[in-house]
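Note sheet for the following structure.
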Amino acid sequence: MSDTTDTGPVLAADGTPLKRSLSRALRRQKMRALMLIAPLLLFVLLTFIVPIGQMLFRSVENDIVSRTLPNTVIALQDWDADSGQIPDEAIFTALAIDMQAAAEAKIHTRVGSRLNYEKPGISSLFRKAGRKAKKWDLENDGPYQEKFIKIAKGWGDPEVWRTIQTYSSKYTAGYFLNAADLQNGTEGPEWRPENEQIYITLFKRTLFMSMMITVSCIILAYPVAWILANLPSRSANLLMILVLLPFWTSLLVRTSAWKVMLQQQGVINDTLVWLGLVADDARLVMINNQFGTIVAMTHILLPFMILPMYSVMQTIQPTYLRAAKSLGATNWTAFWRVYFPQSIPGIGAGSILVFILAIGYYITPELVGGTKGVFISNRIAFHISSSLNWGLAAALGSILLVVVLILYWAYDKIVGIDNVKLG
Amino acid sequence: MSQSSSNDAFVEFERVQKSYDGENLVVKDLNLVMPKGEFLTMLGPSGSGKTTCLMMLAGFETATHGDIRLGGTSINNIPPHKRGIGMVFQNYALFPHMTIAENLSFPLEVRKMGKSEREEKVKRALDMVEMGAFGGRRPAQLSGGQQQRIALARALVFEPELVLMDEPLGALDKQLREKMQFEITHLAHRLGITVVYVTHDQTEALTMSDRVAVFDDGRIQQLAPPDKLYEEPENSFVAQFIGENNTLEGTVKEINNGIALVQLDDGELIDCKPINVSKPGERTRVSIRPERVEYNKDRMPEGAHTLKAEVLEFIYMGDIFRTRLRVAGNDEFVIKTRNAPDQVRLQPGTQIEIGWLSEDCRALDA
């Protein structure tokens, strides 16, 4: 050791720096480790990371306008939207060329519906113009300005042209603005009209309800996990099977069962009416609202809270409680000061698991949520499969992802992520 | 100290029984009286009921039958946290989420003690176990021996009169264990506390205790000071359990004037001190301590009984020599001799004569 006290790296026996010969020695091990994880890595990369990346990219991608209307986009570059003037003949000529090409390829309606997301009404302008443009002789049929305005008055509205100009670049923040209830106004982003704002409310509701579900799961799961951890292993195993039993039933079946239980002519309401606690004409509304969603989702996510809690509680030795009592603590003090703090990592792990599962839950709110109990994920699903506005769906999904990451980061700051144990 | 009357009884077990399953008794008829300030060790193999007794005293188990009294009052129905008994656990049970100082402060906080008083007591307790500088650390940052000291300090910080220790040194290495044995004994005597100590390590029991209660099969087999326990075991379990012991099996021929004539199984007749044999014809185990056996003719005590023996093995152990012999058909007969300049080192295969005094040779139950 004495010869390494002077400056310079430590050398191995053959004179190479020790660091280098160590890393060479470990290279084989690293290669083997990499080979072992390679199949999973490839699988995850191909089926998860790449599609998600593509999906997220859709939230900013916007080449449909510049691809379908290439000449118009170039011609519009110098047009000043704030002048209040409609574009000149040159621009309309470019549009006529583009429109004819697009109509022949039958893609003019796609641009129309894309721009319709940003300014309602544009879709029909494109449909009408496309129909006529197919028959034009481009060389001789000008001037096109009048022709377009004759087809539909909307072509004479500078706002329509502003929209085309705004969305002519290859990338756009439009989907994100839309997802945050904003729109591109004359002076940058502005709030959408009051009656069109839905997404902020939905995000808030999703977060609030996920928190409610997490809290109810904590309250319900803690005593169960405690009993599981303190029973002799035979009875604990039996009870554990009961906890896991819901996993053996289809999610749909469980959710539908809640419908049966909670609906106005359902088991609970019937029982309450029969007991005389509730009047027959004042049956409780417990389904197709937030209450129903919280109840059903708490039930479905409960095992994800019980399991981490249980595995953490199992590691808390009963001697801690005994020690606390021998030191003079009452049962409650011993629990609260000694047992509970040691079980927090289990609560943390369970909460993260349940919260993140809840925030992206789709099927249960769809079935029992009604209109007041749906989550943001239901809206995402709607845009993916019904309205086909994939860009907006991708933007909503990205925002959801970022929110989760922020919450995760905040959790790490407040509780500490190493304070989370799954066992 | 062993002749305690119930007047100065501090801890009392009276006809205590304990069963977990309603079929087997783990503790069978336990009677024990401890005066204040005594250091009593419950020693026994695992499953002998010693830990159960300790847990009943601490209040974590309830006696199935009988009465446990502390300072004259029955504590059967007092919950553990009101008994005011300090306890050191086998795995220390230091609260991992609290610092050392918070651990020590815990019993004072639950007693609603003021902050300044608490801090002073914690400091004094830490100094007592020479851990004054460690108050801000967490238990996981301490070594086993340090955790042990903290556990001890925590059990003492609220000044209980009775402290229970459940194999507290079990997890430490030999050297540290020996050091802690002395520290715990000194501390207990200095503070004048009463200690009930549970262990399965007989050396620990002998070196630390005022009295040792040897447990087996749910009963106290013998309750005596260490020297008496070692030198005068009352039955063959105690003789076997405490220290090293040679046994020779045989039958009692006659008992006269406090001397029993025993015929060993190979026909040899020897004189023994009868302990728990009563009549001729009874089977007996004769017990002789290895260090009471002499083979050097010059040192053979007056009136010693001699037997022929063959040396099987000689082991040099530094301070002593340990020699294994075949005596009266027993291949495991061991003698220990001090390493002295004039001591003969026996060679395996040689035939020798060994001898002992008849009072060192105790005839016990078979």
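So the values come out like this:
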| item | result |
| --- | --- |
| Stretch in chain A that is longest and holds no GluC sites (Glu not before Pro) that DSSP places in a loop and that have at most 16 other beta carbons within 10 Å | A:188-423 |
| Of B:Lys253/B:Lys308; B:Lys228/B:Lys336; A:Lys413/B:Lys115; B:Lys36/B:Lys228; A:Lys204/A:Lys372, those spanning more than 24 Å from alpha-carbon to alpha-carbon | A:Lys413/B:Lys115 |
| Helix axis angle, B:100-109 relative to chain B longest principal axis, alpha carbon, degrees | 70 |
| Percent RCO, i.e. relative contact order, over chain B, from Cα pairs under 8 Å lying at least 6 residues apart | 15 |
| Low-density loop cleavage sites - trypsin sites (Lys or Arg not before Pro) in the stretch A:112-184, where at most 11 other Cβ are within 10 Å (DSSP) | A:Lys135 |
| Dipole of chain A, positive end: most advanced residue of A:Ala279, A:Asn195, A:Ile384 [Cβ charges, Cα centre] | A:Ala279 |
| Inter-chain Cβ neighbour average for residues A:313-321, partner chain, 10 Å | 3 |
| Inter-part distance where the stretch A:271-346 and the stretch A:67-101 are each reduced to a Cα centre, Å | 64 |
| Those GluC sites (Glu not before Pro) in the stretch B:96-147 that DSSP places in a loop and that have at most 13 other beta carbons within 10 Å | B:Glu130 |
| Nearest-20 debye value, the stretch B:168-299 charge dipole, Cβ charges on Lys, Arg, Asp, Glu | 300 |
| Among beta bridges that DSSP assigns inside the protein assembly as shown, antiparallel share in %, nearest 5 | 75 |
| Over chain A, relative contact order from alpha-carbon pairs under 8 Å, at least 6 apart, % | 16 |
| Shielding score for B:89-98, defined as the mean number of other chain Cβ atoms within 10 Å | 5 |
| Convex hull volume per residue for the stretch A:187-312, taking Cα atoms only, in Å³ | 172 |
| Lysines with Cα under 25 Å of A:Lys132, excluding same-chain neighbours fewer than 8 positions away | A:Lys106, A:Lys119, A:Lys147, A:Lys150, A:Lys153 |
| Spatially proximal lysines relative to A:Lys30 (Cα-Cα < 28 Å; intrachain offsets below 8 disregarded) | A:Lys19, A:Lys421 |
| Bins of 10 Å, starting at 0 and running to the largest distance - Cα pair percent for the protein assembly as shown | 2, 9, 12, 13, 12, 13, 11, 8, 6, 5, 4, 2, 2, 1, 0 |
| At least 20 Å along the helix axis (C-alpha) and Kyte average at least 1.0, DSSP helices within chain A | A:199-230, A:290-314, A:340-359, A:390-414 |
| Charge dipole (debye, nearest 20) of the protein assembly as shown; +1 at Cβ of Lys and Arg, -1 at Cβ of Asp and Glu | 2620 |
| DSSP-defined antiparallel bridges as percent of all bridges, the stretch B:244-365, nearest 5 | 95 |
| Trypsin sites (Lys or Arg not before Pro) lying in DSSP loop within the stretch B:95-157, provided at most 10 other Cβ fall within 10 Å | B:Lys112 |
| Peptide ranges B:26-36, A:341-351 listed from the most packed, as the mean C-beta count within 10 angstrom indicates | A:341-351, B:26-36 |
| Charge dipole (debye, nearest 20) of the stretch A:282-422; +1 at Cβ of Lys and Arg, -1 at Cβ of Asp and Glu | 380 |
| Average other protein chain Cβ within 10 Å of Cβ, residues B:56-69 | 1 |
| Cα-based shape type of the stretch A:201-419, given that a ≥ b ≥ c are square roots of the gyration tensor eigenvalues and the cut on a/c is 1.5 | oblate |
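Only the coordinates and a few stated rules stand behind these numbers; no lab work does. What you see is a predicted model; the values in this text were computed from it and never measured. In this analysis, Cβ positions are derived from the backbone assuming ideal geometry, glycine residues included, and neighbour counts consider all displayed protein chains.
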